[in-house]
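Trainee: Following this message is one structure expressed as structure tokens.
The values are calculated or read from the model by the stated rules, or taken from the named source; none is laboratory data. None of the values given here were measured: they were computed from a predicted structure. Counting neighbours? That spans all protein chains shown, and the Cβs are built from the backbone with ideal geometry, glycine included.
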């Protein structure tokens with residue numbers, strides 16, 4: 001059986017460097033998914049008093065990655081159908097339309113993000129960024145440095 005890598009590599013470019021970067025990013029993403037799945041499995045092992053195996057974690061990781069690929073392609077299709085090249089929140093909500101609990105969570109998160117963008121003190125990014133400094137003023141008889 002041949003494994004189908006669903007991501008359209010035509011979008012990547014044809015250079016071998018682009019393909020190498022794609023493969024590195026793909027492996028990094030899979031590693032991050034594996035780490036997260038392993039953490040969730042460990043938490044569930046404690047709660048349910050069961051044990052799991054490495055092949056189980058690997059299988060769940062592959063399942064999650066396949067779902068992410070499908071989601072990405074569907075979101076891209078929704079945006080393209082709407083005549084856009086950018087995926088928007090409406091595309092994500094469209095994906096979740098048949099799962100009301102998930103749709104509610106997405107809409108709640110969207111409201112939170114929108115509220116933070118409109119509230120300058122509420123935005124996490126704005127509180128992290130340093131404030132721009134004004135140019136220092138010359139004091140007394142200080143002269144400009146010669147270049």
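Here's the yes/no breakdown for (1) assigned to a loop (DSSP other than H, G, I, E, B); (2) closer than 29 Å to residue 72 by Cβ; (3) in contact with a strand residue (DSSP E or B) (Cβ under 7 Å, 6 or more places away or on another chain); (4) modelled with pLDDT of 85 or more:
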{"site": "84", "(1), (2), (3), (4)": "yes, yes, no, yes"}
{"site": "87", "(1), (2), (3), (4)": "yes, yes, no, yes"}
{"site": "90", "(1), (2), (3), (4)": "no, yes, no, yes"}
{"site": "105", "(1), (2), (3), (4)": "no, yes, no, yes"}
{"site": "110", "(1), (2), (3), (4)": "no, yes, no, yes"}
{"site": "121", "(1), (2), (3), (4)": "yes, no, no, no"}
{"site": "132", "(1), (2), (3), (4)": "yes, no, no, no"}
{"site": "137", "(1), (2), (3), (4)": "yes, no, no, no"}
{"site": "146", "(1), (2), (3), (4)": "yes, no, no, no"}
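Trainee: Specify which of the listed residues (18, 6) is more than 15 Å from the chain's Cα centre (by Cα), modelled with pLDDT under 90 and in a helix (DSSP H, G or I).
Mentor: 18
Residue-wise test of (1) surrounded by 12 or more Cβ atoms within 10 Å (Cβ to Cβ); (2) not assigned by TED's automatic domain parsing to the domain that holds residue 40.
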| residue | (1), (2) |
| --- | --- |
| 55 | no, no |
| 68 | yes, no |
| 78 | yes, no |
| 92 | yes, yes |
| 97 | no, yes |
| 103 | yes, yes |
| 107 | yes, yes |
